[in-house]
Amino acid sequence: DVVETQDHYKSRWRSIWIMYLTMFLSSVGFSIVIMSVWPYLQKIDPTADASFLGWIIASYSIGQMAASPLFGLWSNYRPRREPLVVSTAISVAANCLYAYVHVPHSHNKYYMLTARALVGFGAGNVAVVRSYIAGATSLTERTSAMANTSACQAVGFILGPVFQTCFTLIGEEGITWKLVHLQLNMYTAPVLFGALLGVINIILIFAIFREHRVDDMGRQCKSINFEGEGSGVLDQDAEGNVDHVAVVAINFLFFVILFVFAVFETIATPLTMDMYSWTRKEAVFYNGIILSVVGIESVIVFMVVKTLSKRTGERAILHGGLLIVLVGFFILLPWGKKLPNIQWQEIKNDSIPIPRTASTEMLMPFWSLQAMQLPSNHTVEPVGCPVTQSWCLNTPMIYLAQYITSDILIGLGYPVCNVMSYTLYSKILGPKPQGVYMGWLTASGSGARILGPVFVSQVYTHLGPRWAFSLICGVVIVSLLLLEIVYKRLIAFSVRYGRMQE
């Protein structure tokens, strides 16, 4: 029989809610400065270029990828409060460093790079969070808890830019506290706010968080890092080996899921600027609205999937989510005959936007000659598909309806795949300590977020959307085939050893 006192139940779920908060703050730490990194970088170090900005963005994921297995290993053998507090303290210190990167007289960009890498390193605690929630919930509670965790993460990504927007009211100059060389402006206020939230999180971990562990049936268990009082039973269900084929398969599937979403996020701005002749401001504004709507859609999906999984099971929903993502990228393939507007460029590198029509194609040499004779002091921002991307001359445009439909489908499929991957993974691992395994899964996702933008910058720029999205469709098809092959192995540890019925 499942025996749990009311006090133990309340303490267990209070601790899980603290983990939800920790996950939320980790994602806020990433997104709260994402819109202001580039202007702040240009302000503190004029020697920084766009390629260095790419390293700063990627440094967060690199730091998280390195830290996740380490914190996961730590949480397997010591009370989880230790890695949680240390990782959060690292994030607080890194945010404070980010607020002071303007102080040195040189190499400011490297201080910013270090600060963002350390924020990512601190965010490696998501492996500890996921492993704790997996160990503190029964099989029947697991899907709902994992969905709530992912929802908190998604809300953090959504609200981060909102916080950033509110802090823009302070302005670029803001207030200077000369005694401690602190500038409180639209660039530093968000990270200092993030640091304050981190301090509050540490206080709550000490005050409320308690170590709890239950088996798949919901019975209280003792473990190496168990701190609570009570007569927890020894977990006999821990006997047996983890199915490592299933573990590797889920890691690969999770990598693919995060990879395609990273591609989707990264390609949004350049794709819309090329296809619809949007200016930089228009692309950032419109895509910001679209991604916000997609984020809200994802949170709704996280809530719905908890109920749906009880009827169909996690494997079927994961299969359906991958199919939806496949359809979303398939729709993005160029299908029509109309070509995008071309951003004509002079030999002097002064751009003149000229609409692409049949007459301009016939008179191309004439237009080129006229462009060379025009003065180079025009201030119009060049829009359209740049002629330096040779595919612009022969690849049909992607219609706006295609783009928006794809956004909706990917916004539906991604959260489904995300939650089901974590849920299946935790159930496959069973009652054994999951810290290291969750660390590897988090590292897989971080690696995907690093490689996704690199893939886009190379394939899309040189070969165009037809090749980029075709390759993505191919990768998703491979993942679907893999899912079919290992489908029967993706079952809970207790079900595999006959201790529970599925």
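The values are calculated or read from the model by the stated rules, or taken from the named source; none is laboratory data. Keep in mind it's a predicted model, so treat the numbers as computed, not measured. Backbone-built Cβ (ideal geometry, glycine too); neighbour counts: all protein chains shown. Remember, those area values only see protein heavy atoms, side chains included, never the ligands or the DNA or RNA. Shrake-Rupley method; radii C 1.70, N 1.55, O 1.52, S 1.80 Å.
Amide H contacts under 5 Å for Arg210: Ser15, restricted to partners 5 or more places along the chain or on a different chain, H placed in the peptide plane at 1.01 Å from N. Extending 7 Å from the Cα toward the beta-carbon at both Trp177 and Thr165 defines two label points whose distance is 2.8 nm. The packing ranking, built from the mean of other Cβ atoms within 10 Å per residue, places the peptides 245-254, 309-318 in the order 245-254, 309-318, highest first. Using the average count of surrounding beta-carbon atoms within 10 Å as a protection proxy, the listed peptides 271-283, 125-137, 439-451 rank, highest first, as 125-137, 439-451, 271-283. Rounded to the nearest whole Hz, the Karplus-based 3J(HN,Hα) values (6.51 cos²θ - 1.76 cosθ + 1.60, θ = phi - 60°) of the stretch 445-454 follow the sequence x, 5, x, 5, 5, 7, 6, x, x, 5, with x at glycine and proline. Once the Cα-Cα distance is subtracted from the 0.36 nm per residue extended length, the Ile208 to Thr461 segment shows a gain of 86.0 nm. Lacking any other cysteine beta-carbon closer than 4.7 Å, the following Cys residues of the chain have no compatible partner: Cys96, Cys152, Cys166, Cys221, Cys417, Cys473. Heavy-atom accessible surface of Cys166, to the nearest 10 Å², is about 80 Å², with a 1.4 Å probe and all protein chains retained. When the accessible area of the chain is split by element with a 1.4 Å probe, what percent falls to carbon and sulfur? Carbon and sulfur together cover 67 percent of it. What is the angle, in °, between the Cα long axis of helix 280-312 and the longest principal axis of the Cα atoms in the chain? Nearest 10 is fine, range 0 to 90. Once rounded, one gets 30 degrees.
Ordered by solvent-accessible area of protein heavy atoms (1.4 Å probe), largest first, the residues His181, His8, His105 come out as His105, His181, His8. For the Cα atoms of the chain, what angle does the longest principal axis make with the long axis of helix 50-77, in degrees from 0 to 90, nearest 10? Taking the Cα atoms of the chain, the angle to 50-77 is about 10 degrees.
What nm distance separates the two modelled labels at Asp49 and Ser470, each placed 7 Å from Cα along Cα→Cβ? According to this spin-label approximation, the distance is 3.2 nm. For Gln343, the residues whose modelled amide H falls within less than 5 Å of its own, excluding neighbours fewer than 5 places apart on the same chain, are Cys385, Val387.
Heavy-atom accessible surface of the chain, averaged per residue, reaches 45 Å², computed with a 1.4 Å probe.
The overall shape of the stretch 265-333, judged from the alpha-carbon gyration tensor, is oblate: a/c is not under 1.5, and a/b is no greater than b/c. Principal-axis analysis of the Cα atoms of the chain puts helix 108-122 at an angle of about 30° to the longest axis.
Once you sort the root eigenvalues of the Cα gyration tensor of the stretch 50-128 as a ≥ b ≥ c, which label holds: rounded (a/c under 1.5), prolate (a/b larger than b/c) or oblate (the other case)? The shape class here is oblate. Computed from the C-beta positions of Gln42 and His105, the FRET efficiency with R₀ = 25 Å rounds to 0.90.
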